[in-house]
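S.K.: First the structure, then my questions, so here it is.
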Amino acid sequence: MSLFRVFYLGLSSLGLVLANPPSLSAADLTGVVTDPAGKPIAGAVLDIATAAVKKGTSPLCPSCYLDCSKTAKTNAKGNFSFSGLDDTLRFSILVAAPGYQPRLLKKVDPAKGELGVTLQPKAPHPPMVFRGRVVDANGQAISGALVSSYGWNLAGRRYWGSSFPGEKLAVTDSQGQFELTSKDKKLINVTLKVSAPGYAQRVTPLLKPNAPAVDIPVSEGVTIHGRLMNDGKPL
C-alpha cells in the first residue's frame with residue numbers, strides 16, 4: 001500500500017478528506033485569453049473554482065478537490081497553462097483581468113484541447129457603480145471570490161433572478177475589492193451573492209450606487225452530506 005494511500009485512509013477515518021486520491025493519469029489544460037478583436041490579454045488571472053466528476057457522482061463538495069487550489073496567469077501573448085489536472089474531472093474556471101468583465105467558464109474538459117477565452121471590456125465611466133470588499137472573520141481580504149447579482153431595486157420595484165440590468169458577475173482582486181456596474185440610472189440599490197472556496201455563501205446588505213466600498217465579511221463554511229431513503233431504499 002502506498003504512503004499516500006495510508007495517509008488518505010487515515011484522514012478518511014477522521015472525516016478530514018478534502019479530495020479523492022489523485023487519478024493514475026493527469027491532464028494539462030492550455031489556452032489563450034484575448035479581447036473581442038483577438039488581441040492577447042496579458043496578466044489575466046484564471047482560478048479553478050469548482051470541479052465535478054465526468055462520470056457518476058461524488059460525495060465531495062464542488063470546491064473540495066485538490067485542483068480547486070490551482071491558479072494560472074496569462075503571459076504577454078495571452079497564453080496560460082494548468083498542469084497535472086485530474087483527468088476524471090471537469091472544471092469551472094473564473095477568468096478576470098483589469099478593465100475587462102470577468103467570465104465563469106463551466107464544464108471545462110482538458111481532454112477537449114486548447115481553450116480560447118474572450119473577455120469583453122468594461123464600459124468606460126459607467127453611471128452606476130456598486131462597490132464592496134470581501135473579507136474573512138478577521139477582516140483579511142479574500143481574493144478570487146465570485147460576486148453575482150441577486151436582487152435589485154429599480155424605480156421603486158424589487159426584482160430577483162438573472163436579468164440584472166448591468167454586469168452580472170465580478171471577481172475580487174488581491175485586496176478583496178470588487179466593482180459591479182450598470183448603465184441604468186433608475187437603480188436604487190442591489191443585493192449580491194458572494195461565493196468563495198472554503199467559505200459559506202452569503203447575500204450582501206443593500207449596496208447603494210457610487211457609494212464607498214463596504215466590507216462584506218464571510219464565515220468559514222462546511223458541507224453537509226446525506227442520503228434520502230424511503231422504506232430502506234434510496235429515493
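S.K.: Give all pairs with beta carbons closer than 9 Å in which a residue from region 86-112 that is more than 18 Å from Ile41 (Cβ to Cβ) and among the basic types (Lys, Arg) meets a residue that is open to solvent by less than 30 Å² (accessible area, probe 1.4 Å) and not in a strand (DSSP E or B); count only pairs at least 6 apart in sequence or on separate chains.
M.R.: Arg90/Asp109; Arg90/Pro110
S.K.: So which of Leu146, Leu169, Leu180 is among the hydrophobic types (A, V, I, L, M, F, W, C), closer than 25 Å to Pro36 by Cα, open to solvent by less than 20 Å² (accessible area, probe 1.4 Å) and at pLDDT below 95?
M.R.: Leu180
S.K.: When you go through (1) within 24 Å of Gly31 (Cα to Cα); (2) open to solvent by less than 40 Å² (accessible area, probe 1.4 Å); (3) not hydrophobic (A, V, I, L, M, F, W, C) one by one for Lys112, which number turns out not to apply?
M.R.: Only one criterion is unmet by Lys112, namely (2).
S.K.: Could you grab the pairs with beta carbons closer than 7 Å, sequence gap of 6+ or different chains, first residue in region 161-176 and touching a residue at least 24 places away in the same chain (Cβ under 8 Å), second one among the aromatic types (Phe, Trp, Tyr) and crowded, with 17+ Cβ neighbours inside 10 Å?
M.R.: Matching pairs, first to second residue: Phe164/Trp152; Ala170/Phe178; Val171/Phe178; Thr172/Phe178.
S.K.: Going by what's in this entry, would Pro62 be described as in contact with a helix residue (DSSP H, G or I) (Cβ under 9 Å, 6 or more places away or on another chain), closer than 30 Å to Val214 by Cα, open to solvent by 70 Å² or more (accessible area, probe 1.4 Å) and in a loop (DSSP other than H, G, I, E, B)?
M.R.: When the stated conditions are applied, Pro62 passes them.
S.K.: What are the pairs with Cβ atoms under 8 angstrom where one residue, in region 53-78, is without any contact (Cβ under 8 Å) to a residue 12 or more places away in the chain and the other, located anywhere, is outside any helix (DSSP H, G or I) and open to solvent by less than 20 Å² (accessible area, probe 1.4 Å)? Sequence gap at least six, or different chains.
M.R.: Short answer, once both residue conditions are applied: none.
S.K.: Suppose we filter Gln175, Gln120, Gln140 for residues that are open to solvent by 70 Å² or more (accessible area, probe 1.4 Å) and closer than 25 Å to Cys61 by Cβ; which single one remains?
M.R.: Gln140
S.K.: Residues being open to solvent by 10 Å² or more (accessible area, probe 1.4 Å), touching a helix residue (DSSP H, G or I) at 6+ places or on another chain (Cβ under 9 Å) and not in a loop (DSSP other than H, G, I, E, B): count how many of those fall in region 71-97.
M.R.: Final tally of qualifying residues: 3.
S.K.: Only one of these conditions is not met by Gly221: (1) surrounded by 10 or more Cβ atoms within 10 Å (Cβ to Cβ); (2) without any contact (Cβ under 8 Å) to a residue 12 or more places away in the chain. Which number is it?
M.R.: (2)
The values are calculated or read from the model by the stated rules, or taken from the named source; none is laboratory data. Just so we're clear, the structure is a prediction, and the values are computed from it rather than from any experiment. Positions of Cβ are generated from backbone atoms using ideal geometry, with glycine treated the same way; all protein chains shown enter the neighbour counts. Side chains included, ligands, DNA and RNA excluded: accessible areas come from the protein's heavy atoms. Shrake-Rupley method; radii C 1.70, N 1.55, O 1.52, S 1.80 Å.
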